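Participant: Starting off with a structure, shown below.
Derivation of every value follows stated rules applied to the coordinates shown; laboratory data play no part. Not measured: the values here are computed from a predicted model. We place every Cβ from the backbone using ideal geometry, glycine too, and count neighbours over all the protein chains shown.
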Amino acid sequence: MSDALDNVNFDSDELNFDDFHLEDLDADSVVEAPAKVERDLSFFKNIPVTVTLEVASKEIALGDLMQAGEGSVIELDKLNGEPLDVKVNGSLLGHAEVVVVNDKYGLRLIDVLDSALSSVGQ
């Protein structure tokens, strides 16, 4: 690198903010931010995502898990009847309960977190 760049020193005493007269600015000289443009986000509708219904979880030592066998019970962190977590691509979307529709499991959304959808379209 150049020695000229290495020898640049900054002296805060050289700054003089008294020369700026912000109160003299008129409204016509202020540049406004452009209006937010609405975008067509319909192309997002065809992007596949993975929806997961997480019943519960438990942190367990690997040694304890290796000793588990048929008939072993591992207590999980959710209570009976508590809403289950719905995750989309690993991020929490909301909560749901399990339902059966035409002999297949399904989920009924109980609530959807606002934070999960707030960044869509921004």
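Participant: Mind listing which trypsin sites (Lys or Arg not before Pro) in the range 37-122 are in a DSSP loop and have 16 or fewer other Cβ atoms within 10 Å?
Facilitator: Passing sites in the range 37-122 are Arg39, Lys58, Lys78.
Participant: Would you tally the net charge around Pro83, using a Cβ to Cβ cut-off of less than 9 Å, leaving Pro83 out, and scoring K and R as +1, D and E as -1?
Facilitator: Local net charge: -3.
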